Amino acid sequence: MKNSNFLNKLKKENALGLVEPSDEISESYLIKSDKCIRVAKLAYNAGIYENAVSEAYYSVYNTLTSLFYKCGIKCENHSGAAILLKDFFHLDKLYLLFSEFKKDRIDNQYYIPIIGAEPISQEKCRERIATAQRLNAEIRAYKNRITIREIAGIRTKLEKI
């Protein structure tokens, strides 16, 4: 119920809704995702770990957006994207990993560390980049195997909110 109310609010704000499915827009978001993961690796190699985590996260978010556009869904809210993963696509494992990743991104992007302390360790950053690559691969694989019938069911469910 809480999730439905939140998604309904997003629909009223035009941050969530049905659009014409678009392979072209979907592919554009995959290109954007690839660029983000490249930037994450560059930042990691430069020792800028908090930015690397943010870029790795955005790589995953862009891959999700690619999936949504394949299905004809516009979602301009990160929490909304997580809810769609769980409640509409039934990808609970990806939902949990994405939600955890989203929290890390917020912590690293918006909060400052104590002077002299790194906000994230090199090892944790390396782990997050690897997680992003794995999530991207899993979402792309799902996107490639989702059926027209499944997409229609998801769209119908979203329409009813």
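Reported count of residues in region 116-144, each being of a type outside the set (Asp, Glu), modelled with pLDDT under 80 and either closer than 22 Å to residue 77 by Cα or in contact with a Phe, Trp or Tyr (Cβ under 9 Å, 6 or more places away or on another chain) (or both), is 1.
Here residue 1 meets the list (1) farther than 19 Å from residue 128 by Cα; (2) modelled with pLDDT of 95 or more almost entirely, failing just condition (2).
Based on what the data block shows, is residue 113 surrounded by 15 or more Cβ atoms within 10 Å (Cβ to Cβ), more than 17 Å from the chain's Cα centre (by Cα) and either on the phi > 0 side of the Ramachandran plot or modelled with pLDDT under 95 (or both)? Judged against the criteria, residue 113 is not a match.
Candidates 50, 20: the one that is among the charged types (D, E, K, R) and in a loop (DSSP other than H, G, I, E, B) is 20. A count restricted to region 1-46 and to residues that are touching a Leu at 6+ places or on another chain (Cβ under 7 Å) and over 16 Å from residue 78 (Cβ atoms) stands at 1. Can you name the residue in region 56-107 that is among the small types (Gly, Ala, Ser) and surrounded by fewer than 18 Cβ atoms within 10 Å (Cβ to Cβ) and is also modelled with the highest pLDDT among such residues? Here the answer is 79.
The values are calculated or read from the model by the stated rules, or taken from the named source; none is laboratory data. This one's a predicted model, so the numbers in the text were calculated from it and none came from an experiment. Cβ: placed from backbone, ideal geometry, glycine included. Neighbour counts: every protein chain shown.
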